[in-house]
Amino acid sequence: MFLKMLFSISIAILVTILGHYYLYSRIIFPIFGKSPFWITTFTCLWSMTFFGFIILRIVPHFLRKIFEIFMFIWMGVAFLFTLVCLLTSPINMFLKANNYNTAYLSYFVLFSGTILTIYSMYLALKKPIVIEKEIKIKNDLPKIINELKFVVLSDIHVSGLIGRKKMKYLAEVVNQLKPDIIFITGDLMDGSVNQLKKEIAPLETLYAKYGIYYITGNHEYYSGPLNWKRHFAEKFHWKVISNSSHSLKINDLVINILGIEDRHWLSYEKIPRKLDKRLHQAVHHLEQKGFQKEHSLNVLLAHQPKDSRLLVQFPFIDLQISGHTHGGQIWPLQYIVKKDQKYVKGLYQINENQQIYVNQGTGFWGPPMRLGTNCEISLLTFKQEKERS
């Protein structure tokens, strides 16, 4: 375990140092030459990037907010400028091979990177958009299913950059949609209850006619999952689903909501991955209560889309709802996300009878930037492929 951690730290040091050196050599050196000022500046920026996550966990909230602004903006700026540098690297190699001055190319990179930074920050910091999606289901259900509205929130990441004011606005927008059910699929915060309870407080005003259902994401396991689950259950009166289920009956329609902990729960409980029985526990809990699975709407809440591989064992589940991916957040990261998670954003058909919907994140993580994605509030409705006769 120690050697694995040491290896990870070594790789992180190497990658971040090389990244900062690459930016310095492509942008700063051609314009300013070997400048002690810029060398010191880039050393400080590297230190902030590498040690920042440790600092965020120990400083008071007002200092955390200031530090987050500088650290995460620089992380985003560094990524976007690296992207522009890589895209223009053939031109840079041509200029160097022919002994041309590369300073003008560096100015172009500065200009292009700045424009990308401003635009991506605008996309991340603007108000979340409501994305409406009608989901067709083959299961034979009562017609009332067509009248219900389900709101999905995921990956809000309440932190120093996403705080009380944004949560107040989010609660107002969601309540105006008049949802029947709200699903919150994890990564709600980045910090402890003591750090963030005031920032997250406006979400207590969220209202859905038939309840609010919450599962953990991986970031809860960096932030004290037990305290947060207790806070949401006791203070907010949300239904916290932990490898279990909740069933409700609306007229003659039965809705079974199964929820599993994020995959980090396995490590937290020291359970080997090969003994992953999270969904088995949830299904067993449902069966113990005696609610019908046939002619019911059966929904699985699972933070990471790749947990959809568990569905093949339980064909009665109609739909999995997930988050985690942020849709890739900043292009072209969606291609890496797709390789890891398979499903990135929106609705996918898994097999003939099962589907998955992936929310691309109601907030953002890290850099306050998005490129090719949006902050999303999902509004889901259901319609049967064949109406009851």
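Data for the structure
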quantity: Qualifying strands (runs of 3 or more DSSP E) (wholly inside the range 105-206; at least 2 residues being buried (at least 20 other Cβ atoms within 10 Å of the Cβ)); calculated: 150-153, 181-185
quantity: Helices (runs of 4 or more DSSP H) lying entirely in the range 1-87 (those with 3 or more residues that are farther than 25 Å from Tyr100 by Cβ); calculated: 2-23, 36-56, 61-87
quantity: Complete set of residues in the range 30-39 that are among the hydrophobic types (A, V, I, L, M, F, W, C) and free of Cβ contacts under 8 Å to residues at least 60 places away in the same chain; calculated: Phe32, Phe37, Trp38, Ile39
quantity: Which numbered condition Asp252 fails, given (1) surrounded by fewer than 16 Cβ atoms within 10 Å (Cβ to Cβ); (2) closer than 22 Å to Ile144 by Cα; (3) free of Cβ contacts under 8 Å to residues at least 60 places away in the same chain; calculated: (3)
quantity: Ile135 being farther than 17 Å from Ile184 by Cα and assigned by TED's automatic domain parsing to the domain that holds Val344; calculated: yes
quantity: In the range 111-155, the residues that are in contact with an Asp or Glu (Cβ under 7 Å, 6 or more places away or on another chain), at pLDDT 90 or above and of a type in the set (Val, Ile, Thr); calculated: Ile129, Ile131
quantity: Pairs where the first residue, in the range 279-304, is farther than 13 Å from Leu248 by Cβ and the second is part of a helix (DSSP H, G or I), C-beta under 6 Å, 6+ apart; calculated: Leu279/Leu310
quantity: Residue list for the range 214-226, filter: surrounded by fewer than 22 Cβ atoms within 10 Å (Cβ to Cβ) and either outside the structural domain of Tyr268 (by TED's automatic domain parsing) or at pLDDT 95 or above (or both); calculated: none
quantity: Residue list for the range 333-359, filter: in contact (Cβ under 8 Å) with a residue 60 or more places away in the chain and within 13 Å of the chain's Cα centre (by Cα); calculated: Asn359
quantity: Exclusive hit being outside the structural domain of Leu188 (by TED's automatic domain parsing) and touching a residue at least 24 places away in the same chain (Cβ under 8 Å), set Ser47, Ser112, Ser154; calculated: Ser112
quantity: Cross-chain or 6+ apart pairs with Cβ under 6 Å, the range 171-197 first and among the aliphatic types (A, V, I, L, M), then in a helix (DSSP H, G or I) and loosely packed, with under 15 Cβ neighbours inside 10 Å; calculated: Ala171/Thr205; Val193/Asn227
quantity: Entirely in the range 346-389, the strands (runs of 3 or more DSSP E) that have 1 or more residues that are aliphatic (A, V, I, L, M), modelled with pLDDT of 90 or more and touching a Pro at 6+ places or on another chain (Cβ under 8 Å); calculated: 355-358, 376-384
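Let's see how each residue does on (1) within 29 Å of Ser247 (Cα to Cα); (2) of a type in the set (Phe, Trp, Tyr):
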position: Leu275; (1), (2): yes, no
position: Glu287; (1), (2): yes, no
position: Leu301; (1), (2): yes, no
position: Ser308; (1), (2): yes, no
position: Tyr335; (1), (2): no, yes
position: Lys345; (1), (2): yes, no
position: Gln354; (1), (2): yes, no
position: Pro368; (1), (2): no, no
position: Thr373; (1), (2): no, no
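The values are calculated or read from the model by the stated rules, or taken from the named source; none is laboratory data. Treat the numbers as computed from the prediction; the structure is a model and nothing was measured. Cβ: placed from backbone, ideal geometry, glycine included. Neighbour counts: every protein chain shown.
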